[in-house]
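Only one structure is covered here, and it is reproduced in the block below.
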Amino acid sequence: MAAQPPSPNPFLTFRYAFRGIATTLRTERNARIHAFATVLVVGFGFALGVDRLEWIALVLAVASVWAAEGFNTAIEALCDVVSPEHHPGIERAKDVAAGAVLLASMGALIVGLLTLGRRFLLFFA
């Protein structure tokens, strides 16, 4: 795939970003799990009436997971092109990228529990 030529309209470059998001959702099972979790968090956020600061925390947590997943997907794709055969350095790069997604996900889970946990329990009590 050749590099994309610069677009005369900067707003048209968003199509590449949306194409990347669509590719990630289409090709990465964990991205679809993140999408489901995002829908749940937003739904519970509205249902439980979180305040503005709680929304900020939730949005930042969710966005960090999505960014980590995007970086991980890009690193994996690049590694597969650079070295289709197994290579210990490529394996390490992929493992580190996957670990970053796990760390972001764990942080987001903690933010979600701190933000929604008490309200969730009170709602169903």
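The values are calculated or read from the model by the stated rules, or taken from the named source; none is laboratory data. In this text the structure is predicted, and so the values were computed from the model without any measurement. Glycine also receives a Cβ, built like all others from the backbone with ideal geometry; neighbour counts cover every protein chain displayed.
For residues that are within 16 Å of the chain's Cα centre (by Cα) and hydroxyl-bearing (Ser, Thr, Tyr), tally how many sit in segment 41-92.
Qualifying residue count, segment 41-92: 2.
Go over the candidates 41, 96, 65, 82 one by one and state the one that is surrounded by 16 or more Cβ atoms within 10 Å (Cβ to Cβ) and farther than 21 Å from residue 17 by Cβ. Outline the logic, then answer.
On the way: 96 fails: surrounded by 16 or more Cβ atoms within 10 Å (Cβ to Cβ); 65 fails: farther than 21 Å from residue 17 by Cβ; 82 fails: surrounded by 16 or more Cβ atoms within 10 Å (Cβ to Cβ).
Going through 41, 96, 65, 82 in turn, just one is surrounded by 16 or more Cβ atoms within 10 Å (Cβ to Cβ) and farther than 21 Å from residue 17 by Cβ: 41.
If you go through segment 20-33 one residue at a time, do you hit one that is among the basic types (Lys, Arg), in a helix (DSSP H, G or I), modelled with pLDDT under 95 and exposed (fewer than 14 other Cβ atoms within 10 Å of the Cβ)?
Step one: of segment 20-33, the residues among the basic types (Lys, Arg) are 26, 29, 32.
Filter again for in a helix (DSSP H, G or I), leaving 26, 29, 32.
Now narrow it down to the ones that are modelled with pLDDT under 95: none.
No, segment 20-33 contains no residue that is among the basic types (Lys, Arg), in a helix (DSSP H, G or I), modelled with pLDDT under 95 and exposed (fewer than 14 other Cβ atoms within 10 Å of the Cβ).
For segment 73-125, enumerate the residues that are part of a helix (DSSP H, G or I) and of a type in the set (S, T, N, Q). Break it down into steps so the answer makes sense when it comes.
Taking segment 73-125 and keeping what is part of a helix (DSSP H, G or I), we get 73-82, 88-124.
Of everything in segment 73-125, those that are part of a helix (DSSP H, G or I) and of a type in the set (S, T, N, Q) turn out to be 73, 105, 115.
If the Cβ limit is 9 Å and pairs must be 6+ apart or interchain, which residue in segment 97-125 that is within 26 Å of residue 49 (Cβ to Cβ) and of a type in the set (Val, Ile, Thr) pairs with which residue that is modelled with pLDDT of 95 or more and loosely packed, with under 15 Cβ neighbours inside 10 Å?
Note: pairs meeting the criteria are 111/60; 115/55.
Do you know which of the residues in segment 44-57 that are in a helix (DSSP H, G or I) and of a type in the set (Gly, Ala, Ser) is surrounded by the most Cβ atoms within 10 Å (Cβ to Cβ)? Before you say what the answer is, go through the steps one by one.
Kept after step one, since they are in a helix (DSSP H, G or I), are these residues of segment 44-57: 44-48, 52-57.
Next cut, of a type in the set (Gly, Ala, Ser) only: 45, 47, 57.
Values: 45: 20, 47: 12, 57: 15.
In this case the residue turns out to be 45.
To keep it simple, each residue is scored yes or no on (1) loosely packed, with under 12 Cβ neighbours inside 10 Å; (2) modelled with pLDDT under 95; (3) over 30 Å from residue 3 (Cα atoms).
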site: 69; (1), (2), (3): no, no, no
site: 73; (1), (2), (3): no, no, no
site: 92; (1), (2), (3): yes, no, no
site: 120; (1), (2), (3): no, yes, yes
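Kindly indicate which of 9, 30 is touching a helix residue (DSSP H, G or I) at 6+ places or on another chain (Cβ under 9 Å) and under 30 Å from residue 78 (Cα atoms). Write out each step before concluding.
Details: 9 fails: touching a helix residue (DSSP H, G or I) at 6+ places or on another chain (Cβ under 9 Å).
The conditions single out 30.
Could you tell me whether segment 46-54 includes any residue that is touching a Leu at 6+ places or on another chain (Cβ under 8 Å), among the aliphatic types (A, V, I, L, M) and over 19 Å from residue 26 (Cβ atoms)?
Looking through segment 46-54, at least one residue is touching a Leu at 6+ places or on another chain (Cβ under 8 Å), among the aliphatic types (A, V, I, L, M) and over 19 Å from residue 26 (Cβ atoms).
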